[in-house]
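Asker: This is the structure I have questions about; it appears just below.
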Amino acid sequence: MAQTIASGVVATDDILSNEKVIDMQNQFRLLDVDENQFMTILNKLPSQPAIREKVEWLEDQYFPNLSALANSATSAATTLDVTAGEGDYFRAGDLVRLGTAGEVVEVVSVATDALTVTRSIGSIAAASAQSAEELLIIGNVSAQAADYGTLKVNQRVAAYNYTQIQRNPFGFSGTQVEIETYGPGDPANEIAKKAVEHKRALENLFLLGGRAYDSSANKGHVGGVVHEFISTNVTAVNGALSLTALDGAMTDIFQHGTMNKVIFASPIASQALSQLMNADWVQAPPDTKVYGANVTAFVSGAFGARVPVITKRNWGLESTSGLGRGGWMLVLDMAYIKKRPLRNRNTMLLKNRQGNGIDGVVHEFLTESSIEVAQEKAHGLLKGITG
């Protein structure tokens with residue numbers, strides 16, 4: 001080996017790079033943190049194991065008592081046409097409040113969606129009524145010694161979803177596993193990352209998945225909350241969020257279900273909400289949690305409920321148009337949502353999945369689960385919020 005002589009003070013550039021110990025932090029700085037709060041909440045709530053690849057549940061509601069006029073009616077009219085398909089709500093003897101004047105009419109008979117009625121029961125005189133005016137069934141009257149009349153019940157509805165297998169595998173050569181590296185090393189480092197990636201995939205599926213079953217491949221697709229179960233309370237804002245639109249949407253959403261609702265909002269929607277609510281927007285103290293998820297604030301919603309707001313920062317990367325989550329404010333009644341993992345196939349880390357001849361290790365996170373979303377009218381979505 002040739003010998004080199006250096007004169008003077010030895011500086012850092014004068015020594016071999018191989019001699020220098022790298023000043024490396026012994027951890028990785030991830031660009032994003034775990035923002036999958038919906039899954040955090042689901043994991044905290046009670047779940048029910050599924051016993052097969054299709055999960056089913058029954059939904060019911062009280063017998064309806066509210067309809068509307070399909071056509072206008074004069075003060076002398078004794079036949080009232082109701083909203084198509086809602087004639088079944090009525091039976092002979094029903095007392096119905098007609099329109100805003102408060103006139104009470106008695107149903108004599110029902111033919112499909114046409115009611116034959118006796119007008120002006122009581123002190124309020126018969127008056128003309130416009131199309132779409134409300135018809136509220138306030139009770140039913142029977143004569144003395146009469147029979148019980150027409151029997152009617154509200155039919156139950158069967159709902160369903162499928163379990164889906166979500167897998168996140170990863171592997172390393174035997175050499176990579178054994179060499180010394182900065183950080184926790186592989187596969188330990190990748191285990192931590194894949195756990196969050198797996199959780200993220202499950203959240204996206206439970207919100208956005210399309211419900212289907214491919215019998216030829218024995219493959220189930222879980223239906224997501226938004227794409228398969230929410231249809232009634234969907235408000236297309238398509239612009240700046242107004243207080244009128246917000247109040248109207250929240251009133252409809254809180255009309256049904258429990259007060260146990262949570263708002264999941266994109267950054268834009270959360271900002272708009274805070275500006276609109278003013279005094280009703282109460283900033284949550286640091287580290288405030290609901291079912292284990294960090295809460296941004298609480299708002300006083302319809303019916304006096306105090307609703308937690310959870311800002312979904314990762315939605316801010318998506319579009320605000322159409323069903324892009326960048327413009328979402330999703331309101332969910334968590335009392336009607338339940339995770340349904342297939343028996344012993346809830347989220348698990350399966351190690352050493354590699355074949356016998358592989359010089360390396362393969363691990364994977366695997367979950368087979370469905371989600372139960374009951375009573376879609378108890379939930380709601382405001383979409384297309386741009387400011």
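Asker: Scan the range 293-313 for residues that are of a type in the set (A, V, I, L, M), in contact (Cβ under 8 Å) with a residue 40 or more places away in the chain, within 22 Å of T244 (Cβ to Cβ) and surrounded by 19 or more Cβ atoms within 10 Å (Cβ to Cβ) and jot them down.
Answerer: Matches in the range 293-313: V307, V309.
Asker: Starting from residues that are of a type in the set (D, E) and part of a loop (DSSP other than H, G, I, E, B), keep the ones in the range 51-70 and report whichever is surrounded by the fewest Cβ atoms within 10 Å (Cβ to Cβ).
Answerer: The extreme case among them is D60.
Asker: Somewhere in the range 195-208, is a residue surrounded by fewer than 17 Cβ atoms within 10 Å (Cβ to Cβ) and farther than 20 Å from D34 by Cβ?
Answerer: no
Asker: Something else: Determine whether R345 is in a loop (DSSP other than H, G, I, E, B), touching a His at 6+ places or on another chain (Cβ under 7 Å) and either touching a residue at least 12 places away in the same chain (Cβ under 8 Å) or loosely packed, with under 15 Cβ neighbours inside 10 Å (or both). Walk me through it before giving the result.
Answerer: Values: in a loop (DSSP other than H, G, I, E, B): yes; touching a His at 6+ places or on another chain (Cβ under 7 Å): no; either touching a residue at least 12 places away in the same chain (Cβ under 8 Å) or loosely packed, with under 15 Cβ neighbours inside 10 Å (or both): yes.
No.
Asker: Taking the stated definitions as given, is S369 farther than 15 Å from I263 by Cα, free of Cβ contacts under 8 Å to residues at least 60 places away in the same chain, outside any helix (DSSP H, G or I) and hydroxyl-bearing (S, T, Y)?
Answerer: Spelling it out, it is not the case that S369 is farther than 15 Å from I263 by Cα, free of Cβ contacts under 8 Å to residues at least 60 places away in the same chain, outside any helix (DSSP H, G or I) and hydroxyl-bearing (S, T, Y).
Asker: Next up: What number of residues in the range 115-164 are in contact with a Gly (Cβ under 9 Å, 6 or more places away or on another chain) and closer than 30 Å to H221 by Cα?
Answerer: Of the residues in the range 115-164, 5 are in contact with a Gly (Cβ under 9 Å, 6 or more places away or on another chain) and closer than 30 Å to H221 by Cα.
Asker: Out of all the residues in the range 91-99, is one or more exposed (fewer than 13 other Cβ atoms within 10 Å of the Cβ) and either touching a Gly at 6+ places or on another chain (Cβ under 6 Å) or of a type in the set (G, A, S) (or both)?
Answerer: Looking for residues that are exposed (fewer than 13 other Cβ atoms within 10 Å of the Cβ) and either touching a Gly at 6+ places or on another chain (Cβ under 6 Å) or of a type in the set (G, A, S) (or both), one finds none in the range 91-99, hence no.
Asker: Kindly indicate which of I230, I191, I165 is of a type in the set (A, V, I, L, M, F, W, C), outside the structural domain of G99 (by TED's automatic domain parsing) and at pLDDT below 90.
Answerer: I191
Asker: Right, next: Do we have V110 as within 21 Å of A70 (Cα to Cα), modelled with pLDDT of 95 or more and surrounded by 14 or more Cβ atoms within 10 Å (Cβ to Cβ) here? Write out each step before concluding.
Answerer: Working: within 21 Å of A70 (Cα to Cα): yes; modelled with pLDDT of 95 or more: yes; surrounded by 14 or more Cβ atoms within 10 Å (Cβ to Cβ): yes.
It is true that V110 is within 21 Å of A70 (Cα to Cα), modelled with pLDDT of 95 or more and surrounded by 14 or more Cβ atoms within 10 Å (Cβ to Cβ).
Asker: Exactly one of these conditions fails for G292: (1) more than 18 Å from E203 (Cα to Cα); (2) modelled with pLDDT under 90. Give me its number.
Answerer: (1)
Asker: Next question. Looking at the structure I just gave you, is H221 touching a strand residue (DSSP E or B) at 6+ places or on another chain (Cβ under 7 Å) and surrounded by 17 or more Cβ atoms within 10 Å (Cβ to Cβ)? I'd like the intermediate steps shown before the answer.
Answerer: Numbers: touching a strand residue (DSSP E or B) at 6+ places or on another chain (Cβ under 7 Å): yes; surrounded by 17 or more Cβ atoms within 10 Å (Cβ to Cβ): yes.
Criteria met by H221.
Asker: If you don't mind, there's one more thing I want to ask. Quick one: in the range 261-292, of everything that is among the small types (G, A, S) and on the phi < 0 side of the Ramachandran plot, which residue is surrounded by the most Cβ atoms within 10 Å (Cβ to Cβ)?
Answerer: A269
Asker: Return the residues of the range 71-127 that are β-branched (V, I, T) and assigned to a loop (DSSP other than H, G, I, E, B); say none if nothing qualifies. Let's see the steps before the verdict.
Answerer: Going residue by residue through the range 71-127, those that are β-branched (V, I, T) are 74, 78-79, 82-83, 96, 100, 104-105, 107-108, 110, 112, 116-118, 121, 124.
Within the range 71-127, T74, T78, T83, T100, T112, I121, I124 meet the criteria.
Asker: I'd like the full set of residues that are part of a loop (DSSP other than H, G, I, E, B) and free of Cβ contacts under 8 Å to residues at least 40 places away in the same chain, limited to the range 255-285.
Answerer: The answer is A284, P285.
Asker: Would you confirm, using the coordinates I've provided, whether L30 is of a type outside the set (D, E, K, R), under 29 Å from A265 (Cα atoms) and at pLDDT below 70?
Answerer: yes
Asker: May I ask you to list the residues in the range 314-340 that are surrounded by fewer than 16 Cβ atoms within 10 Å (Cβ to Cβ) and in a helix (DSSP H, G or I)?
Answerer: L317, A335
The values are calculated or read from the model by the stated rules, or taken from the named source; none is laboratory data. Everything quoted here is computed from the prediction, not taken from an experiment. Virtual Cβ from ideal backbone geometry, glycine too; neighbours counted across all protein chains shown.
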